[in-house]
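No lab work stands behind these numbers, since they all come straight from the coordinates. Keep in mind that what you see is a predicted model, and the values were worked out from it rather than measured. Backbone-built Cβ (ideal geometry, glycine too); neighbour counts: all protein chains shown.
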Amino acid sequence: MPYPLPALGAPLRVAFLGPVPAVAAHALHAPAGALRPRFIDARAGAEPLSLRAALADAAPHVVVALAPETLPPGALDDVRAATLAVIGPGARLPDRAAFDRILRTPGAGDGGAWRSRPLPIDDGLFAPVRPSRRPPRALFVGRSTERREHVLTPAKHAYDVVHYAHGLAGRRFAAVLAAADVGIALNAESGVGFPAQALAHLAAGQLLLAEPLTPRCGLEPGIDFIEIDSRDALTTLLFQLGLRPDAYDRVRVRGRLKAEEHRASRVWPRIVRDLLDDLSAFGTARTLKA
């Protein structure tokens, strides 16, 4: 193993880096599976010295960069810890001299990464399936794009659809999820994909209405979520749910059960363990400076 590890029986310290509004929902925030996590709010343009001080204070054995593009150049050059970069589909691979391994979220252009899987969901966002309001309230979480607005606008005008483009994290995000019965997941641009917010809606016990997921990552349309292929399909489903809010309760329950496979406290210990085992077996091309 090229990096120091804790003494036998001691917890493994893991630092999760990234901007809170964008990635906090996918980090581990409480001890689990022998990991002691710490989240460090690392935003684009932040003072490099502050980040270095936070990392020195955390003294991590593993660093997970959930948004490596926001880190200052050389931010991890002298950090003696295993490093994992998490990038989106189609994103350019980070410098392999800066990170030990790369995890890519599902979608087009998955080549070159060590692993590919959806981002886990913070345990604090999980909730039981509750009886639906009458009429149901629908929620879309994600930045506005021309394509998304094209799909959402008729539904926003006709039904109770709430759209949060940014700024949700922690308890506020959990409260917003709890105030909705239906979650809508749309790709930002045309083409196939797996919107990151899809699993958050399932974890919150909502009925998920999503465009075809590619890859599906174990989710089955008609069983775990309801598939939509147009804005007319979205408005039709919301109309039907207004008449019968409980029409897809079995789908809500199945989707909530499937979300357990993506709970942060289950997934991150496994990823970190696999990362360390892989480094022990195959080493790294990363170069430390200073």
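Results, tabulated for the structure shown:
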read-out: The chain: angle of helix 48-58 to the longest principal axis, Cα-based, in degrees nearest 10; value: 80
read-out: Of the trypsin sites (Lys or Arg not before Pro) in the range 258-290, those whose Cβ has at most 16 other Cβ within 10 Å and which sit in DSSP loop; value: LYS289
read-out: Computed over the range 210-256: relative contact order in percent, which uses C-alpha pairs under 8 Å that are six or more apart; value: 47
read-out: Value of [θ]222 nm, deg cm²/dmol, for the chain, DSSP H segments ≥ 4, -39500 (n - 2.57) each, nearest 500; value: -9000 deg cm²/dmol
read-out: Extension reserve of the ARG130-THR214 stretch, reckoned as 0.36 nm per residue once the Cα distance is removed; value: 27.4 nm
read-out: Estimated FRET transfer efficiency (HIS166, SER116; beta-carbon r; R0 35 Å; 0.05); value: 0.85
read-out: Taking the range 162-228 and dividing mean pair separation by its residue count, relative contact order in percent (alpha carbons under 8 Å, at least six apart); value: 28
read-out: Quotient of C-alpha Rg and 2.2 N^0.38 Å, computed over the chain; value: 1.05
read-out: Value of relative contact order over the range 123-261, rounded to a whole percent, pairs C-alpha under 8 Å and six or more apart; value: 30
read-out: Rough spin-label spacing in nm, given labels placed 7 Å along Cα→Cβ, for GLU69 and ALA178; value: 3.4
read-out: Sites ASP123 and ALA10 - FRET efficiency at Förster radius 25 Å, r taken between beta-carbons, to 0.05; value: 0.65
read-out: Residue-span extension gain [ARG80 to ASP95] - 0.36 nm each, minus C-alpha spacing; value: 3.7 nm
read-out: Listed peptides 23-34, 209-220, 57-68, 144-155 by packing density, highest first (mean Cβ within 10 Å); value: 57-68, 23-34, 209-220, 144-155
read-out: Degrees, to the nearest 10: 249-259 long Cα axis against longest axis of the chain; value: 10
